[in-house]
Amino acid sequence: MHVPQSGKKQARSRRNRISEEIGLVLVLLLSFAFSDVVATDPVKSPVVKIAVFDFELEDVSPAASLLDKTTSSAAAMDKVSSAARRELAQSGRYTVIDASVVDAKPVKAKSLRNCDGCEAAIALQLGADQSLIGIVSKVTQTDYYVLIKIRDARTGELLDQQEANFAGSEEGWATGVRMLIKHQILASQN
C-alpha cells in the first residue's frame, strides 16, 4: 500500500510528538523520583573528633567530710568515662579520642575541672576538634550531679555545658551520664 507523501509527514510528525511527550513524562517521573531521594537524604554534618577525658569525682558528701576521703570506687568512675565515650561514639556524630592516656599534670591529677579550660589545648595536641570533661559531684550516698563541658579545641571557647541531678548509688552513675549525653548534649545539637 502506498501512503501519500503528506500522510507520511503527518504520521512522522505524530510519532515525533508522541516520542516527545513520552520523553517529557519520563523526565518528570525521574525528577520526582530523584527529588524524593534528595529530600529523604538530609545533609549530614561532618563527624567531630572529640577528646573525652576521664570523668572526675568531686565528693562533697557527709561521709567524705567525716572520713576526709571519698567512699567511692575508681571502678565506678571508669564505668562512667567508658559509658560517656560509648554514647558519643554510638551517636555517629563523634569520633572519640580517649584522652585518659595523656601525660599532662592536670589529666594525671584528675584536676581538669580546676584548670580553666586547659583541656582544650591538650585535646588540640591529640588532633581533636573538641574536648569534653565531666564531673560527678557526689552529694550524699544516693544523690549526685553530673556536669559536662565541651570546648572548641582551637579556641578554648565553651560550646556546651549541661548539668543534671540524679538519685541513685554509684552503680547508676554511668546511666546518669549516658542520659545526660543522650537527652541534653546530643538533643541540644538538633
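Just so you know, all these numbers are worked out from the coordinates, no wet-lab data involved. Computed from a predicted structure; not experimentally measured.
Computed extension length for Val139-Leu158: 4.3 nm, one decimal, from 0.36 nm per residue of separation with the Cα-Cα distance subtracted. Once you order the gyration tensor axes a ≥ b ≥ c over the Cα atoms, which shape class does segment 59-125 get: rounded for a/c under 1.5, otherwise prolate or oblate by comparing a/b with b/c? The shape class here is oblate. Extension gain for Leu67 to Thr175 (0.36 nm times residue separation, less C-alpha to C-alpha distance): 36.2 nm.
Mind jotting down a quarter of the surface of the convex hull over the alpha carbons of segment 48-188, in square nanometres, one decimal?
Over every viewing direction, the Cα hull of segment 48-188 projects on average to 7.7 nm².
How would you classify segment 86-142 from its alpha-carbon gyration tensor, with a ≥ b ≥ c the square roots of the eigenvalues: rounded for a/c under 1.5, else prolate if a/b is greater than b/c, otherwise oblate? Here segment 86-142 falls in the oblate category.
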